[in-house]
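The values are calculated or read from the model by the stated rules, or taken from the named source; none is laboratory data. None of the values given here were measured: they were computed from a predicted structure. Positions of Cβ are backbone-derived with ideal geometry, glycine not excepted, and every protein chain shown enters the neighbour counts.
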Amino acid sequence: MSSFTQSLVTWAEFLELPERPDTGQRYELHDGEVVLVLPARPLHIKIQKRIERLLETLAGERGVVTTEFPYRPVQNLQYWYADVAYVPRADWDALPPDEYPVYAPPLVVEVLSPSNSPAKINRQRIVAMSAGTQEFWVVDADNRTVQVTGLSGTKVYATGAKIPLVIFDGGIPVDQIFER
């Protein structure tokens, strides 16, 4: 991830940036700073897909689980992509087709990659949860752990543990996330 500019960029200015369809890179807006995000590596994509499938099984028809979900948690200076997100059906159906509403999904999952600094992940967690996210996961493939921050605190789940999901009345075994 590399910084695109040093001056603060507003939401309106961010919308004027050129698209990058041929490079696999995309822009995010972190505290008014435009950040160029590189394409994910194969392991990252595989973990995202596993989590998406596991969550879809629990969510059923209650909502949509998707990867690379763009969200704008506050009015200005923020625009992120969640590696995996859960969006309740009513929220999904209400999303406008051609606008970027101020919205933070109830569940955001971030799979660590080499470009993720602890400060970046922590800032994203704070911004998302301040905007209404109920659970924020940080998935660490190297250590085979999932750090879950909810409204009551943070807990790390490791191999052999099961991550409870209150919003679905179920859970996901950590081992299933890291299957090869």
Can you confirm whether residue 159 is of a type outside the set (Lys, Arg), buried (at least 17 other Cβ atoms within 10 Å of the Cβ) and in contact with a helix residue (DSSP H, G or I) (Cβ under 9 Å, 6 or more places away or on another chain)? no
Quick one: in region 22-63, which of the residues that are of a type in the set (A, V, I, L, M, F, W, C), part of a strand (DSSP E or B) and under 14 Å from the mean Cα position of the chain (by Cα) is farthest from residue 128 (Cα to Cα)? 37
Given (1) within 24 Å of residue 168 (Cα to Cα); (2) buried (at least 16 other Cβ atoms within 10 Å of the Cβ), where does residue 29 come up short, assuming only one miss? (1)
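Taking region 130-148 as the region of interest, how many residues are touching a residue at least 24 places away in the same chain (Cβ under 8 Å), within 13 Å of the chain's Cα centre (by Cα) and not in a loop (DSSP other than H, G, I, E, B)?
Let us first name the residues in region 130-148 that are touching a residue at least 24 places away in the same chain (Cβ under 8 Å), namely 130-142, 144-146.
Filter once more, keeping what is within 13 Å of the chain's Cα centre (by Cα): 133-139.
Adding the requirement that they be not in a loop (DSSP other than H, G, I, E, B) leaves 135-139.
Qualifying residue count, region 130-148: 5.
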Which members of region 60-115 meet the condition of being small (Gly, Ala, Ser) and either at pLDDT below 95 or closer than 22 Å to residue 39 by Cβ (or both)? 60, 82, 85, 113, 115
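Restricting the search to region 71-109, which residues are part of a strand (DSSP E or B), under 22 Å from residue 165 (Cα atoms) and not β-branched (Val, Ile, Thr)?
Going residue by residue through region 71-109, those that are part of a strand (DSSP E or B) are 71-72, 79-88, 102-103, 107-109.
So of that shortlist, the ones also under 22 Å from residue 165 (Cα atoms) come out as 71, 81-88, 103, 107-109.
The answer is 71, 81, 82, 83, 85, 86, 88, 103, 107.
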